1. Check whether at least one residue in the range 73-86 is within 20 Å of SER231 (Cβ to Cβ), of a type in the set (Val, Ile, Thr) and touching a residue at least 24 places away in the same chain (Cβ under 8 Å), and report yes or no.
2. Name the pairs: first residue in the range 193-216 and over 16 Å from GLY252 (Cβ atoms), second residue assigned to a helix (DSSP H, G or I) and among the polar types (S, T, N, Q), Cβ to Cβ under 9 Å, at least 6 apart or on different chains?
3. Within the range 133-152, can one find any residue that is more than 28 Å from ALA186 (Cβ to Cβ) and surrounded by 15 or more Cβ atoms within 10 Å (Cβ to Cβ)?
4. Could you list, in sequence order, all residues of the range 244-266 that are within 11 Å of the chain's Cα centre (by Cα), among the charged types (D, E, K, R) and more than 14 Å from ALA121 (Cα to Cα)?
5. If you check TYR232, TYR236, TYR253, which single one turns out to be out of contact with any Asp or Glu (no Cβ under 8 Å at 6 or more places or on another chain) and within 19 Å of TYR82 (Cα to Cα)?
6. Against the condition outside any loop (DSSP other than H, G, I, E, B), in contact (Cβ under 8 Å) with a residue 24 or more places away in the chain and within 24 Å of LEU141 (Cβ to Cβ), how does ALA186 come out, does it pass?
7. Go through the range 222-256 residue by residue and tally those that are hydroxyl-bearing (Ser, Thr, Tyr) and closer than 27 Å to PRO204 by Cα.
8. Just one of (1) in contact (Cβ under 8 Å) with a residue 40 or more places away in the chain; (2) in a loop (DSSP other than H, G, I, E, B); (3) not hydroxyl-bearing (Ser, Thr, Tyr) trips up PRO142, so point out which.
Amino acid sequence: MASARGPVLRLGIGLALVALGWGLSLAGVEPARRYWFQLVWPGYILVADGVVLARTGTSLLSSNLRRVAGMAALSAAFWWLYELVNWHLRNWSYVGGEVLPRSLGLVLETVAFATVLPALAESRDLLRSFVRLPDPPALRLPGERWAAAWMVVAGLAGAGLLWRFPEQSFPLVWVVPLLILDGVAALRARPSALSLVRAGRAGPVLLVALAGLATGVLWELWNAGALPRWSYRVPYVGFAKVFEMPLLGYLGYLPFALVADAAWRTVSGGWGGLADAPVTGLGPAGGGHERRRDRAYRGCE
């Protein structure tokens, strides 16, 4: 197990960053209050990592910092792609960031976006350190390659619908990338959610999705009343808001976490969150449990 010093140091620094970020925001200290997101989310990552390290003896930040840096870089690019799609969908916008110079705003936004994938990974590990989700029954599907091919076709068709009918098809933005990325992974005989679902070993898939929902609740909670913040324009289901997000909108965080995981698996060639270890596998730089899981994966095909 990890020495007490590492977890305590992470917890102390992380809680201090969260308190500083929210303190500056609530006190209205300008312009520092504009940087709250860049403080509270690194703070959360450190707090979660400290808890996981204390409970399991290992953690995301203690395993391979080069890999974490790669995850952060991918995270920034990953969310900028969503921002690009949103220029067409116009489902969310930002309020209160106009006072910052545009060049500084772009830097701060990129720093904030770099925390998305690490925060999801930390939430997944934190949840996994407390609970082990049971595997649901196997889902009877046609042959894996056939099902995977149709996932890719459905994903590409959904992308076309998003472009042509953005008002009606906007929820597909959280599903289309998963269909394409996971379908391609299955076609290449790489780790995929589809394979685990077919094999009746989808507990890790549920874990990743639930971690996404939990992180989404935090994102929306910490967004409420902050400045700058994001605001939603959600056609048809924009009622019953919890914080800034309509209640039904929280369902999007379930597939979104799986999209993030699939993006990381695509780049790293590893398991992402689809592994059973207490701190889930994050790619080929991991330990022996990932190699054992890869052999088990090939055996379930």
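1. Checking the range 73-86: at least one residue is within 20 Å of SER231 (Cβ to Cβ), of a type in the set (Val, Ile, Thr) and touching a residue at least 24 places away in the same chain (Cβ under 8 Å).
2. ARG201/SER195
3. no
4. Those that are within 11 Å of the chain's Cα centre (by Cα), among the charged types (D, E, K, R) and more than 14 Å from ALA121 (Cα to Cα): none in the range 244-266.
5. On inspection, the qualifying residue turns out to be TYR253.
6. Taking the combined requirement at face value, the residue satisfies it.
7. 2
8. Going through (1) in contact (Cβ under 8 Å) with a residue 40 or more places away in the chain; (2) in a loop (DSSP other than H, G, I, E, B); (3) not hydroxyl-bearing (Ser, Thr, Tyr) one by one, PRO142 breaks only (1).
The values are calculated or read from the model by the stated rules, or taken from the named source; none is laboratory data. Remember, it's a predicted structure, so these values are computed and weren't measured experimentally. No Cβ is skipped: glycine too gets one built from the backbone with ideal geometry, and neighbour counts run over all protein chains shown.
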